1. What percentages, rounded to whole numbers, describe P(r) for segment 349-422 computed over all alpha carbon pairs with 5 Å bin width beginning at zero?
2. If you only keep lysine pairs separated by 8 or more in sequence, or across chains, how many in segment 19-168 come under 19 Å at the Cα atoms?
3. Which shape class applies to segment 287-377: rounded if a/c is under 1.5, otherwise prolate when a/b exceeds b/c and oblate if not, where a ≥ b ≥ c are the square roots of the Cα gyration tensor eigenvalues?
4. Have a look at the chain and give its Rg and Dmax from the Cα atoms, expressed in angstrom.
5. What are the GluC sites (Glu not before Pro) within segment 310-368 that DSSP puts in a loop, where the Cβ has at most 15 other Cβ atoms within 10 Å?
6. Can you show me the helix-derived [θ] at 222 nm for the chain, built from DSSP H runs with n ≥ 4 at -39,500 (n - 2.57) apiece and divided by the number of residues, rounded to the nearest 500.
7. I need the shape label for segment 3-236. Rule: rounded when a/c is under 1.5, else prolate if a/b > b/c, else oblate, with a, b, c from the alpha carbon gyration tensor.
8. For segment 251-452, what does the alpha-carbon gyration tensor say about shape, rounded, prolate or oblate, given a ≥ b ≥ c as the root eigenvalues, a/c under 1.5 as rounded, and a/b over b/c as prolate?
Amino acid sequence: MCGIVGFTGKTSCCEFLLKGLSALEYRGYDSAGIAAVQADGFAVRKAVGRIDQLREEVEKNPISGVCGIGHTRWATHGKPSLENCHPHFDIDRRIALVHNGIIENYAELKAQLMEKGVSFVSETDTEVVAQLLAVHYENDMKTTLLKVLGMLKGSFALVILDRCAPDTLYCARSHSPLVIGVGQGCHYVASDVCALLEYTRNVYLPEDGDIAVVTPGSTVFYGLDGKERKRVNVTISWDTSAAQKNGFDHFMLKEICEQPQVIADTLAHYIDSADYTIRREHMPFTPEQAKQLKELTIAACGTAYHAGCMGKALIEQFAGVRTDACVASEYRYQTVVEQERNPEGHVFLAVSQSGETADTLAALRKAKQLGMRALAFSNVIGASIAREADTVMYTLAGPEIAVASTKAYLTQVLLFEILALDLAHLRGKISDEELKDALKTLMSLPRQIQSILNQRAIVEDFARANRACHDIFFIGRLMDYTTSLESALKLKEVSYLHSEAYPAGELKHGTIALIDERTLVAAIATQPQILEKTLSNMQEVKARGAYLLLIGTPPQTPIEGCTVWPIEDAPWYTAPLLATVYAQLFAYYTARQHGCDIDKPRNLAKSVTVE
Ligand code: AGP
């Protein structure tokens, strides 16, 4: 969603602000703006639409200044417009600020300010904070900020400029991410490390409730009690090229093609290939804890939820532990059943690429409040979910820029494979030999994924041939149904085509009425025990005129007119990952056929940091 950048140094801030905002474009936005402190006040440029339009504005009317802030806005309070676009100011333009998150009590605060005669130019919750800071200004911005933060309810990352301290950025965070980069005689601020990679990898990760006073030469942290806090800077391992397209037309295709590498990286982190054992130091359960584990609840959103559904199947089948996969936005409001009030042996697991998804974070907090041990899968070091969880397993997918999640999903499912096998082994469900064999099977994944990627022209041809198709159903059973869910989500988010996933056996209970000769039905069929059943369902839809695609085990008796994308030599637990790669490519090439904005699909944001 929204993105924040800030710079203070000895050189012009403008270049970093614009480049930093471009690096955050992938998060989704509909307007953008920057402000810099100049001798005669704030210089401000804003544009509705893309960063390129903002850049044109700046080229037409250049701005100077060595300390500034910038923002990409994804509209929540008020439509995309110049008035609503950040930065926002107080009436006298002494204070400028950018904000991510939502100020939940803004209406009440706004009414109080209006009673005092303050007038507003925007419909945003953010402007309320700028006006509040001005009205309550006392001594200096740090003191004022401490006072005003106590009045705010909701989530926020704020970066503030005060004309009284022209080289200083005042930052505050509560449930919304912020990173501070250390440069040579300068400091950078951003809502996401991707904006900083070209400039520095030496960063501070402020914690919830931190205030940071950032000048060219230092960053000093304070708590809400006003006392100084010690924070240690860390080095981020992601490199610049990981956040660039490197010759690919889109980040989505680049990230699909990176999967052999990121799967290999994740395997190397968790598995010792010298003797095919799991590296215990990276696993969340001790042998004792694994034996005592009675139940696992997984909560996540979107694609990460689908990974959670895969996790449920893997953990139940391998380790025999009862597992629930929940949509986080539902879980957070669900009735707490008696069993959860006594969470002995009941563990919670949040799955999130960004580690910042608001609903997943709320689900994790609820589980912790109930006394459960909270685990997390995160792709981002230091993200809120990673910090608040008791134990984190990291996916080593590198930065995922395309809004459609691809490589993060595969690494999340891989983590579930490793976790399920580890639990199964520790609980005595599989022997040392069986564990080694399964780990060797996982090690084949990079090669198998690569061989699918090598045939991507076939998928592209199919997408071209079927570009007129407007309704696409994915069907499958058990894990294949989960792959269907993920395949349908991927297709609809990047191509805007109507696509749905159904459990194959459920079609004839209603949905089969929609099938006609204009419908494509794609069956995912990798699970040996129900293969024949899914093939029968394919015959049923074929009889009603649908045209067919099968991703999975080629049928012994070919189905006339059915295109097959084969998956061979993969057992039940790795075949779904391979089927997903075909589906990702299909979504990508279909979206290309339709000329869609693949990396930044309409209405979508990469990181959903509001409810
Ligand atoms: C996936 O393609 C989506 N864009 C979306 O469903 C995403 O997976 C979801 O918002 C969860 O994000 P997270 O993994 O960062 O928590």
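1. 3, 18, 28, 24, 17, 7, 2, 0
2. Within segment 19-168, the lysine pair count is 9.
3. Oblate, since a/c reaches 1.5 and b/c is not below a/b.
4. 25.5, 82
5. Passing both the DSSP loop test and the Cβ count: E344.
6. For the chain, the value works out to -10500 deg cm²/dmol.
7. Verdict is rounded for segment 3-236.
8. oblate
None of the figures in this text is laboratory data; all of them are computed from the coordinates on show. Here the structure is a predicted model, which means the values were calculated and not measured. Positions of Cβ are generated from backbone atoms using ideal geometry, with glycine treated the same way; all protein chains shown enter the neighbour counts.
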